[in-house]
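Engineer: Below is the structure I would like to discuss, written out as structure tokens.
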Amino acid sequence: MTTNVNKSRSFLQTVANELGYSQGVTLGSRVRAGLAASAAALVILFIAGQFGNQMGLFWTFGLAFGFVLQRSRFCFASAFRDIFLLGHGRTMKGLLIGLVVATLGFALFMSKLVPNPALGILPPDANVLPLGWHMVVGGVLFGIGMVVAGGCVSGSIYRMGEGYVASWVSFGGIMMGLLLAAYSWNWWWDWQISRGPRIWLPTYLGHAGSVIVTLLGLLVVYLLVLWWESRSGMVIPDMPFRGSNEETFAARLGDGLKRIFVHGWPVAIGGAVLGGLNALLFIAAHPWGFTGEVSRWTVGIANVLGIGPGELKGLANLPGCAMDLGGGILHHMLFLVWGMVFGSFIASLFAGEFKIRAPRQKVRYVQAIGGGTVMGYGAGIAMGCTIGSFFSAIPSLALNGWVFALCLAVGAWMGTKIIQRIP
Amino acid sequence: MALKQLDVRGDICPYPMMKTVQALKKLTAQDEGLEVITDHAPALETIPTQAARLGYAAQIDETGSPEWRITLTRSV
């Protein structure tokens, strides 16, 4: 008996030595914190599953989106802003890769949903939204707001999970802006939204033609970014990952884990993964987006306080992130939004980047609340943020995605002029 | 000869980088370089690249969780 035990012990020791674990395995405080938060996420997943399959599914997607956003520091505000502020488009290029991946996934799925697009049928749930001045004004306001606040809606959500107090304030601003948009919704509906055309490219160009035109459009933007960068004469290399010099299995596994959990991901990888996740979510339920959900909270709270906007016209027939007022508190989208916060929280714990930090200058709070409000109003009337009206709309092969993107760029340029005047 | 200090903790993009660029432009011949303290991880990418544009090399040290010291010195 004893010899057997000794034998197996020495065998395990040999294996451990061979793999490079002769000192045993120790988990640092960051890893333990990350694992504890992951375990909590699993418990919530189990509880969410009790309320229906959709809840667990959306919680899981939320965690994944939040994790990837944090790891690649994917920031739509910086994608647009840095082009004007620094003359480089590193983040914008990552964003373009994400749009390519999502476009391919969306197109494939939509071609199954609507085999014959020439009949004029629109794919249900795709973000094909009415065009009009609301899209233009919404895009410009959103662009200004996201740059002034230092992050768009998704950026604020994942920074909330990293412990940025100002992002919580921005989120409050976004909610206020969405409420203001709800107050003026009927006016916009009567003037523009109700008669705005919903233009889905496959109706006119077929599926293949629309994909080709969309990819060519993204290629043109890419070439424009390269040309713009060449004028500013700057090369931005990604930070190189410096791994361990050892050759053991333990060292290699450690390097692999550090690349994922500690070292920031190249933004292009983040973009590609987010684009793929977006396509998967569309196949599972509907494209990525959350402005409609945040509107639902805002209007719900306003109703409780007796300052609700009353009846809003035309909402039943709008897809994407248009204000959605139905459903109870336990809506699957609630799990998506808080899943994103929690996913980013987990990622920042593993990376050692979590910290509750508040800006020291009071003007930053003014920027957060003001920028957030302007951005929220823009998202309300444009029926989506940088995700719903852009990152899910261009892949929906919808013209409104391109209109919103162009207006975002104009707004971001204006926002950059504003922040350059704020010390 | 000494390093000037710049503390941008609490600030988020693009301010850590913008403030660093301003401080670098104000350095005199007596200053050897600039030490920037930040707790905003994206600044670890933006500050070294903008500093390189002005002729400074960067060295990053992790000094807390999360806190970094970026030492910027004139590259020859």
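The values are calculated or read from the model by the stated rules, or taken from the named source; none is laboratory data. For clarity, every value in this text was computed on a predicted model and none was experimentally measured. Please note: Cβ atoms are built from the backbone with ideal geometry, for glycine as well, and neighbour counts cover all protein chains shown. Just so you know, the surface numbers come from the protein's heavy atoms only, side chains and all, with ligands and any DNA or RNA stripped out. Shrake-Rupley method; radii C 1.70, N 1.55, O 1.52, S 1.80 Å.
Engineer: Give the residues of the stretch A:23-58 that are of a type in the set (D, E, K, R) and touching a residue at least 40 places away in the same chain (Cβ under 8 Å), sorted by residue number.
Structural biologist: Kept after step one, since they are of a type in the set (D, E, K, R), are these residues of the stretch A:23-58: A:30, A:32.
If the condition is that a residue be of a type in the set (D, E, K, R) and touching a residue at least 40 places away in the same chain (Cβ under 8 Å), then A:Arg30 is the only one that fits.
Engineer: Being within 14 Å of chain B (Cβ to nearest Cβ), in contact with a helix residue (DSSP H, G or I) (Cβ under 7 Å, 6 or more places away or on another chain), crowded, with 17+ Cβ neighbours inside 10 Å and of a type in the set (A, V, I, L, M, F, W, C) is true for just one of A:Ala347, A:Ala322. Which residue is that?
Structural biologist: Of the residues listed, the single one that is within 14 Å of chain B (Cβ to nearest Cβ), in contact with a helix residue (DSSP H, G or I) (Cβ under 7 Å, 6 or more places away or on another chain), crowded, with 17+ Cβ neighbours inside 10 Å and of a type in the set (A, V, I, L, M, F, W, C) is A:Ala347.
Engineer: Condition (residue is surrounded by fewer than 21 Cβ atoms within 10 Å (Cβ to Cβ) and over 25 Å from A:Ile381 (Cβ atoms)) applied to the stretch A:61-80: is it met by at least one residue? It would help to see each step written out before you state the result.
Structural biologist: Here is the first cut: in the stretch A:61-80, the residues surrounded by fewer than 21 Cβ atoms within 10 Å (Cβ to Cβ) are A:64.
Next cut, over 25 Å from A:Ile381 (Cβ atoms) only: A:64.
The answer is yes; a qualifying residue exists.
Engineer: Let me ask you something else. Is at least one residue of the stretch A:329-338 surrounded by 20 or more Cβ atoms within 10 Å (Cβ to Cβ), farther than 25 Å from A:Thr298 by Cβ and within 19 Å of the chain's Cα centre (by Cα)?
Structural biologist: no
Engineer: Answer yes or no as to whether A:Val169 is within 14 Å of chain B (Cβ to nearest Cβ), within 30 Å of A:Pro319 (Cα to Cα), β-branched (Val, Ile, Thr) and surrounded by 20 or more Cβ atoms within 10 Å (Cβ to Cβ).
Structural biologist: Working: within 14 Å of chain B (Cβ to nearest Cβ): yes; within 30 Å of A:Pro319 (Cα to Cα): yes; β-branched (Val, Ile, Thr): yes; surrounded by 20 or more Cβ atoms within 10 Å (Cβ to Cβ): yes.
Answer is yes for this residue.
Engineer: Residues of the stretch A:260-271 being within 14 Å of chain B (Cβ to nearest Cβ), assigned to a helix (DSSP H, G or I) and crowded, with 20+ Cβ neighbours inside 10 Å, which ones?
Structural biologist: Result: A:Val267, A:Gly270.
Engineer: Given the options A:Leu274, A:Leu257, name the one that is closer than 30 Å to A:Ser22 by Cβ, part of a helix (DSSP H, G or I) and more than 14 Å from chain B (Cβ to nearest Cβ).
Structural biologist: From the options A:Leu274, A:Leu257, the qualifying one is A:Leu257.
Engineer: Then there is this: Which members of the stretch A:287-319 meet the condition of being assigned to a loop (DSSP other than H, G, I, E, B) and either surrounded by 17 or more Cβ atoms within 10 Å (Cβ to Cβ) or small (Gly, Ala, Ser) (or both)?
Structural biologist: At the first step, the residues of the stretch A:287-319 found to be assigned to a loop (DSSP other than H, G, I, E, B) are A:287-290, A:305-314, A:318-319.
Scanning the stretch A:287-319 gives A:Pro287, A:Trp288, A:Gly289, A:Phe290, A:Gly306, A:Gly308, A:Pro309, A:Gly310, A:Leu312, A:Gly314, A:Leu318, A:Pro319.
Engineer: Taking the condition within 11 Å of chain B (Cβ to nearest Cβ) and surrounded by fewer than 24 Cβ atoms within 10 Å (Cβ to Cβ), does A:Gly163 pass?
Structural biologist: On the way: within 11 Å of chain B (Cβ to nearest Cβ): yes; surrounded by fewer than 24 Cβ atoms within 10 Å (Cβ to Cβ): yes.
Here the answer is yes, as A:Gly163 does meet what is asked.
Engineer: Could I ask something else about it? What pairs come out if I take residues in the stretch A:78-101 that are at the interface with chain B (Cβ under 8 Å from one of its Cβ atoms) and without any contact (Cβ under 8 Å) to a residue 12 or more places away in the chain and pair them with residues that are surrounded by 23 or more Cβ atoms within 10 Å (Cβ to Cβ) and among the β-branched types (Val, Ile, Thr) whose C-beta lies under 7 Å away, six or more apart or interchain?
Structural biologist: Hits for this filter: A:Asp82/A:Thr91.
Engineer: Right, something else. Quick one: in the stretch B:23-57, of everything that is among the hydrophobic types (A, V, I, L, M, F, W, C) and facing chain A (nearest Cβ under 8 Å), which residue is farthest from A:Ala358 (Cα to Cα)? Give the derivation first.
Structural biologist: Residues of the stretch B:23-57 among the hydrophobic types (A, V, I, L, M, F, W, C): B:23-24, B:27, B:29, B:34, B:36-37, B:41, B:43-44, B:47, B:51-52, B:54, B:57.
From the residues that got through so far, the ones that are facing chain A (nearest Cβ under 8 Å) too are B:41, B:44.
Values: B:Ala41: 15, B:Leu44: 19 Å.
Restricting to residues being among the hydrophobic types (A, V, I, L, M, F, W, C) and facing chain A (nearest Cβ under 8 Å), the top hit is B:Leu44.
Engineer: Determine if the stretch A:128-151 includes at least one residue that is buried (at least 24 other Cβ atoms within 10 Å of the Cβ) and farther than 25 Å from A:Trp413 by Cα.
Structural biologist: yes
Engineer: Let me ask something else about it. Applying the selection to the stretch A:82-103, what residues are at pLDDT 95 or above and of a type in the set (D, E, K, R)?
Structural biologist: Residue satisfying the conditions is A:Lys93 alone.
Engineer: What number of residues within the stretch B:37-60 are open to solvent by 40 Å² or more (accessible area, probe 1.4 Å) and closer than 26 Å to A:Ala166 by Cβ? Can you show your working first?
Structural biologist: The initial filter retains those residues of the stretch B:37-60 that are open to solvent by 40 Å² or more (accessible area, probe 1.4 Å), namely B:52-54, B:57-60.
Still in the list and also closer than 26 Å to A:Ala166 by Cβ: B:58, B:60.
So the answer is 2.
Engineer: Take A:Phe241 and decide whether it is modelled with pLDDT under 90 and among the hydrophobic types (A, V, I, L, M, F, W, C). Quick ask: steps written out before the conclusion?
Structural biologist: Numbers: modelled with pLDDT under 90: yes; among the hydrophobic types (A, V, I, L, M, F, W, C): yes.
Judged against the criteria, A:Phe241 is a match.
Engineer: With respect to A:Gly256, is the statement that it is within 24 Å of the chain's Cα centre (by Cα) and small (Gly, Ala, Ser) true? Full working, then the answer.
Structural biologist: On the way: within 24 Å of the chain's Cα centre (by Cα): no; small (Gly, Ala, Ser): yes.
It is false that A:Gly256 is within 24 Å of the chain's Cα centre (by Cα) and small (Gly, Ala, Ser).
Engineer: Now, a different point. Please find, among B:Thr20, B:Thr63, the residue that is open to solvent by 10 Å² or more (accessible area, probe 1.4 Å) and either within 14 Å of chain A (Cβ to nearest Cβ) or not in a loop (DSSP other than H, G, I, E, B) (or both). Before you say what the answer is, go through the steps one by one.
Structural biologist: On the way: B:Thr20 fails: open to solvent by 10 Å² or more (accessible area, probe 1.4 Å).
From the options B:Thr20, B:Thr63, the qualifying one is B:Thr63.
Engineer: Considering only the stretch A:350-369, how many residues are of a type outside the set (Phe, Trp, Tyr) and open to solvent by 30 Å² or more (accessible area, probe 1.4 Å)?
Structural biologist: Step one: of the stretch A:350-369, the residues of a type outside the set (Phe, Trp, Tyr) are A:351-353, A:355-364, A:366-369.
From what's left, open to solvent by 30 Å² or more (accessible area, probe 1.4 Å): A:355-356, A:358, A:360-363, A:366, A:369.
Total meeting the criteria: 9.
Engineer: Okay, next question. Taking A:Ala368 as the residue in question, decide whether it is away from chain B (no Cβ under 14 Å), outside any loop (DSSP other than H, G, I, E, B) and either among the small types (Gly, Ala, Ser) or farther than 27 Å from A:Gly270 by Cα (or both). So that I can check it myself, show each step before the final result.
Structural biologist: On the way: away from chain B (no Cβ under 14 Å): no; outside any loop (DSSP other than H, G, I, E, B): yes; either among the small types (Gly, Ala, Ser) or farther than 27 Å from A:Gly270 by Cα (or both): yes.
The answer is no for A:Ala368.
Engineer: If you go through the stretch B:27-54, how many residues are of a type in the set (Gly, Ala, Ser) and outside any helix (DSSP H, G or I)? Walk me through it before giving the result.
Structural biologist: Looking only at the stretch B:27-54, we keep the residues that are of a type in the set (Gly, Ala, Ser), and these are B:29, B:33, B:41, B:43, B:51-52.
Cutting the leftovers down to outside any helix (DSSP H, G or I) gives us B:29, B:33, B:41.
Adding up the residues that qualify gives 3.
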